[in-house]
1. Being surrounded by 10 or more Cβ atoms within 10 Å (Cβ to Cβ) and not in a strand (DSSP E or B) is the filter here, so list the residues in region 114-132 that pass it.
2. I'd like the full set of residues that are outside any loop (DSSP other than H, G, I, E, B), open to solvent by 60 Å² or more (accessible area, probe 1.4 Å) and either in contact (Cβ under 8 Å) with a residue 24 or more places away in the chain or of a type in the set (D, E, K, R) (or both), limited to region 1-36.
3. Filter region 10-53 down to residues that are modelled with pLDDT under 90 and among the aromatic types (Phe, Trp, Tyr), then give me how many there are.
4. Residue by residue through region 37-62, note down the ones that are in a loop (DSSP other than H, G, I, E, B) and closer than 21 Å to residue 9 by Cβ.
5. Can you tell me which residues in region 37-59 are farther than 17 Å from residue 18 by Cα and exposed (fewer than 12 other Cβ atoms within 10 Å of the Cβ)?
6. What are the pairs, 6+ residues apart or on separate chains, where a residue within region 65-77 that is within 23 Å of residue 39 (Cβ to Cβ) has its Cβ under 7 Å from a residue that is open to solvent by less than 60 Å² (accessible area, probe 1.4 Å) and hydroxyl-bearing (Ser, Thr, Tyr)?
7. Which of the residues belonging to region 60-70 are open to solvent by less than 30 Å² (accessible area, probe 1.4 Å) and within 14 Å of residue 2 (Cα to Cα)?
8. Could you please tell me which pairs satisfy a Cβ distance under 9 Å, a separation of 6+ or placement on different chains, a first residue in region 143-154 that is closer than 10 Å to residue 106 by Cα, and a second residue that is open to solvent by 30 Å² or more (accessible area, probe 1.4 Å) and part of a helix (DSSP H, G or I)?
Amino acid sequence: MNLYLRYFNNETLVTSVDDAIQFLAGIDEIGMTPELEQDIREYAASDVYYPKRYKIRARVYFIIIKTEATTMQDFKDKKALRSHDAEGGAAPRERQYNPSMLRLNEQRAGWYEGTVDFKRVLMVPGTGKFQYRDTHFVAQVKALSPLDCYNRIVEHLRHRVDERSQFPSPKGKNFQYRFLGGAK
């Protein structure tokens, strides 16, 4: 695994953490400290593949990116992306997906129990001002899929609550569903 480092126009592609630290130590504005060195070593040794950004001062950063590119040109041409390996297999570290999220569009007609946690706009009686309140809503709905269940619940609520209320994404943790059984 190689490391790409960039600070304004100073950039390099190195093959070891020691080379990366030496590159950064050569830039006076960065001010290499033992804590920064240790953090860079931990990042390089970890399984994390997203870029890491380090703050130097207000709105000034340097970045480190793990890459499998062997040359700067390969890195610039994005020839070493981590999405799949050369044989076409999956990347070593695959994302973990919530099984219910994968089945969100699965067509299965029947009764669903849907739960939506949303931000409801309510007026405070004493002041006449409005505020958001967390609201938990549960309904049993006849639907074609979990996504259809979500859409029916949200459509029902939109006609009954203030239009400024905020509804969650069906993919998030604020919407859950349970299949109750087929429709008769």
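The values are calculated or read from the model by the stated rules, or taken from the named source; none is laboratory data. Given the structure is predicted, the values throughout are model-derived calculations rather than measurements. Cβ placement follows ideal geometry from the backbone for every residue including glycine, while neighbour counts extend to all protein chains displayed. Remember, those area values only see protein heavy atoms, side chains included, never the ligands or the DNA or RNA. Shrake-Rupley method; radii C 1.70, N 1.55, O 1.52, S 1.80 Å.
1. Matches in region 114-132: 124 only.
2. 6, 11, 18, 19, 35
3. 2
4. 51, 58, 59
5. The answer is 47, 50, 53, 55, 57, 58, 59.
6. Listed by first residue and then by second, the contacts come to 65/4; 67/4; 75/4; 75/67.
7. 64, 66, 67, 69
8. 146/100
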